[in-house]
Amino acid sequence: MVGSVILSLALVFSIISMVLYYLTFKGYNNTLNFARVFYHAMAIFVIAASTFLWYAILTHQYQYKYIFSYSNNSLSTGLLLSSFWGGQEGSFMLWLLLTAIIGVILQSYASKRGDLEPRVMTVFTLATTFLLVMVSPWFKNPFEYIWVTPVFIELKSINPQFLNMPFIQNFIFSDQQTGGSFVQMSKDLYAQLTLSGISVNDFIINGRGLNPQLLNFWMQIHPPILFIGFAMATVPFAFALAALMKDDYKEWINQAFPWTLAGTGILGLGIMLGGYWAYEMLGWGGYWAWDPVENSSLIPWLIGVAAIHTMLVQKRSQQKGEGIGRYAKTNLILSILVYVLVLYSTFLTRSGVLGDASVHSFVDPGMLVYLFLIVFISSFALLGFGMIAFRWKSLNQQAPQDEGLLSRELALFTAAVVLCASALIVFVGTSSPLFGQSVDTSFYNEMHVPLAIIVGLLNGISLILKWKNTSTKELVNGSLRALAISVLLTILIVVFGGVKDIMMILLTFAAAFALVVNAEIVINIIRKNLKMLGAYLAHIGLAIFILGVIGSAAHSTEKTIDLVKGKPVEAFGYQMVFTGYEPIENGTKYAFKIKLNKDGKEYSAAPVMYIAEYNNSLMREPSILVMPTKDIYIAPLGYDEGSGQTKNNSISIAKGETADYNGVKITFTKFNMSPDVMKAMQEGRDFQIGAVITIEGNGKKDEVELLRKQSGGEVEFTAYESKDLNLKLQLANLSATGIELIPSTLDSQPETKVREKQEVLTVNASVKPFVSLVWIGVLVMVLGFFVAVARRLKDSLIG
């Protein structure tokens with residue numbers, strides 16, 4: 001009740017502040033100070049509500065449905081704190097909290113820049129108002145009591161001293177499928193508990209806990225950083241609307257530019273921290289899977305980077321006295337789009353529309369929240385683009401277009417167009433599940449390689465070109481040294497890295513060219529003015545990142561390996577031996593120990609598997625050996641303890657090989673495995689893998705598919721029968737090396753024979769060359785963003 005009251009008051013203060021700021025903009029006197037007071041009161045109440053939520057989580061107050069659903073007594077303090085944003089309600093609270101705090105900084109910033117504050121804060125408080133409505137008692141309120149909507153709670157979470165009370169028996173139910181017993185927490189039970197003098201917090205003694213995929217260190221870091229980026233995306237939107245409200249486009253570009261740089265840099269860092277989390281925890285085998293929810297954060301980031309490049313042109317154009325500057329409309333549209341796309345990302349993530357397409361997606365939040373999210377997006381889209389249309393005549397002031405074809409202005413604009421094209425591709429692919437379609441990851445990869453080549457080349461060329469015009473001779477002379485070094489670097493990488501694909505060679509050259517051009521500039525200016533380094537560091541970071549992607553993604557090699565305990569297997573030049581497993585973390589997980597040996601050096605890996613109590617699913621955690629030039633990534637797939645000492649008289653057939661049974665030729669042709677199977681295996685979801693075999697006999701040839709199905713933790717193998725051949729083939733096993741079949745005639749039973757017990761660990765192992773460049777590139781790029789922010793802050797002051 002306390003939390004809901006605080007949030008409701010904050011909503012009222014936000015609305016009052018928004019109205020007062022708007023009245024100040026319209027010329028009312030004595031309203032500005034009250035607007036500030038109400039904004040700060042709103043921010044204080046949001047901080048107070050957040051602090052109260054943290055306190056309730058840390059003290060295990062399970063009378064709140066959100067706290068029961070996303071925390072429990074066994075979580076460490078760090079994970080308890082991060083369970084704040086483990087669910088829908090809490091992540092909206094986090095977004096609101098960060099937006100409110102950034103608003104305090106923005107208010108101070110805007111108050112020092114003429115009449116900016118009333119316009120910017122009118123728009124900004126509209127955003128805080130929408131977020132406060134979202135966490136209000138009518139929508140996703142984290143302070144909703146657990147009995148408001150009936151919920152079933154396992155008996156183990158109930159204090160046993162109350163279970164024998166007569167009235168409790170009316171609320172205990174059994175699940176016939178699982179055999180589990182539950183208490184239905186409802187308003188009726190709450191009334192009975194209250195009559196008996198029992199508090200709900202004494203009645204419920206443990207929570208459900210976090211999803212096991214969230215039990216990771218990066219859960220404490222990645223979401224807050226990402227949501228700072230989301231919150232900061234509000235600011236360029238507010239600046240663009242503020243300029244449109246005043247119909248003055250001279251100052252806004254300088255004032256919005258540092259915020260756009262900072263917000264884009266932080267959003268990029270948040271996205272890639274999520275990538276590292278997926279790499280380390282989820283066992284996807286990589287840091288980027290083109291997951292729809294990952295993509296939905298990437299789209300506004302790409303638009304933000306595009307805006308930065310065209311904003312540079314407008315700033316330069318204004319400095320030369322060219323009216324409102326070049327690309328004024330473009331910059332306003334891009335600044336509005338960044339926030340609208342953040343809202344669209346929120347819609348995709350939280351409306352439940354991607355529930356079947358993404359591991360990140362929240363479940364269906366209900367029609368009311370779904371409609372409110374649509375209203376949220378529509379309101380800001382209509383407001384932003386409506387204002388553009390309203391001011392279209394003013395925005396048609398044309399700055400002189402006297403730049404040549406070889407000019408930095410055109411190169412920067414072209415780079416922005418390419419980035420927008422990339423965003424459009426990701427947008428189309430990500431939105432396709434809304435229309436009952438889906439695209440494969442190859443769609444994104446194939447579409448983006450040419451764009452990345454263009455971006456790499458433009459990155460270098462734009463810095464060689466001069467503003468306004470550059471002669472061909474100047475361009476050639478300015479590029480020769482960088483071209484020569486880049487060609488040499490590319491040849492070295494191609495020769496020693498084994499890069500053979502022509503598109504990868506071109507991408508390597510483009511990245512090397514960007515790296516060399518920017519490095520030359522850094523070397524020249526590092527002793528003169530450190531504040532000028534920002535853009536060049538960001539570009540160097542991007543070039544390093546692309547080189548890391550080429551090594552770790554395009555030239556990663558992987559294979560699925562069956563490791564029989566104690567028997568060495570050769571893979572990637574390493575001798576791998578599975579030596580057994582041991583319980584870890586109080587017996588809740590199992591580490592499967594693998595020894596790797598190469599050239600006398602020994603390494604240890606220990607991928608982890610366990611059955612998560614949270615969802616009764618098999619969870620897998622990869623083991624990563626980090627080396628100077630590569631990572632060896634070992635993701636566990638399954639473990640067979642070889643329990644049966646007797647086994648049917650089976651035949652094993654490797655892929656491409658043929659076996660004979662009673663004159664019938666059986667050839668194992670290929671596996672049939674959809675692109676989603678590996679991901680489903682890692683996530684513990686149901687999946688099936690097919691084995692396509694060809695059967696020849698009696699002058700006929702048939703192709704059939706036998707299946708290995710995994711559903712609800714149970715494994716089932718299908719069989720094939722032919723009356724013409726008097727043949728039955730039962731699939732008994734399917735591994736990376738081949739299949740095992742139990743053949744028999746239709747009128748007989750399969751024979752059995754004794755087989756030695758063997759423990760087998762199946763892993764997916766891969767080598768990822770130079771993956772460390774991906775992380776180094778991201779850090780350098782983010783550093784570059786913040787050096788640029790420091791430089792541009794000074795420009796934002798009104799002279």
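Summary of values
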quantity: Cβ-placed point charges (K, R +1; D, E -1), dipole of region 216-439 about Cα centre in debye, nearest 20; calculated: 620
quantity: Computed magnitude of the charge dipole of the chain (debye, nearest 20; Cβ of K, R +1, Cβ of D, E -1); calculated: 2960
quantity: Estimated Rh, region 187-340: Kirkwood, alpha-carbon pairs, angstrom; calculated: 18.5
quantity: Restricting region 53-127 to trypsin sites (Lys or Arg not before Pro) in coil, as DSSP defines it, with at most 14 other Cβ within 10 Å; calculated: Lys112
quantity: Dipole axis of region 1-146 (+1 Lys, Arg; -1 Asp, Glu on Cβ), positive-most option in Ser108, Phe13, Leu126; calculated: Ser108
quantity: Region 696-711-region 118-187 distance, computed between alpha-carbon centres (Å); calculated: 50
quantity: Spatially near lysine pairs across region 216-439, Cα under 17 Å, sequence gap of 8 or more or different chains; calculated: 8
quantity: Cβ charges +1 (Lys, Arg) and -1 (Asp, Glu), total dipole of region 411-559, debye; calculated: 680
quantity: Rounded percent of accessible protein surface that carbon and sulfur make up, the chain, 1.4 Å probe; calculated: 59
quantity: q = 0.21 Å⁻¹: log10 I(q)/I(0) that the Debye formula gives for region 365-473, counting C-alpha atoms only; calculated: -1.10
quantity: More than 27 angstrom apart: percent of Cα pairs within region 498-653; calculated: 51
quantity: Pairs of Cα atoms farther than 17 Å apart, region 1-146, %; calculated: 58
quantity: In Å, descending, principal axis extents of the Cα set of region 378-417; calculated: 41, 22, 8
quantity: Stokes-Einstein D for region 105-150, Kirkwood Rh over Cα pairs, 25 °C, 0.890 mPa s (µm²/s); calculated: 192
quantity: Accessible area (Å², per residue) of the chain, counting only protein heavy atoms and a probe of 1.4 Å; calculated: 44
quantity: Three-way shape call for region 267-335 based on the alpha-carbon gyration tensor, with the a/c threshold at 1.5; calculated: prolate
quantity: Prolate/oblate/rounded call for region 151-203, Cα gyration tensor, a/c under 1.5 rounded; calculated: prolate
quantity: Eligible aspartates and glutamates near Lys700 by straight Cα distance, threshold 16 Å, same-chain separation 8 or greater; calculated: Asp660, Glu721, Asp724
quantity: Using distinct alpha-carbon pairs, which all enter the 1/r mean, Kirkwood radius of region 412-481 in Å; calculated: 14.2
quantity: Gap separating the Cα centres of region 490-551 and region 617-637, nearest whole Å; calculated: 28
quantity: Of the DSSP H helices in the chain, those whose Cα atoms cover at least 30 Å axially and whose Kyte score averages 0.0 or more; calculated: 2-25, 32-58, 88-111, 252-277, 292-319, 328-350, 367-390, 408-431, 441-464, 472-497, 502-525, 772-795
quantity: Ratio Rg/Rh [Cα only; Rh per Kirkwood] for region 216-439; calculated: 1.00
quantity: Three-way shape label, the chain, alpha-carbon gyration tensor, a/c 1.5; calculated: oblate
quantity: Radius, Kirkwood style, for region 487-539 when every pair of distinct Cα atoms is counted (Å); calculated: 12.2
quantity: Within the chain, helix-based [θ] at 222 nm, where runs of 4 or more DSSP H residues each add -39,500 (n - 2.57), nearest 500; calculated: -16500 deg cm²/dmol
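The values are calculated or read from the model by the stated rules, or taken from the named source; none is laboratory data. As the structure is a computational prediction, the values presented were derived from the model and not from experiment. For neighbour counting, all protein chains shown are included, and Cβ atoms are generated from backbone atoms with ideal geometry for every residue, glycine included. Ligands, DNA and RNA are stripped out before the accessible areas are found, and what is left, the full protein with its side chains, is counted by its heavy atoms. Shrake-Rupley method; radii C 1.70, N 1.55, O 1.52, S 1.80 Å.
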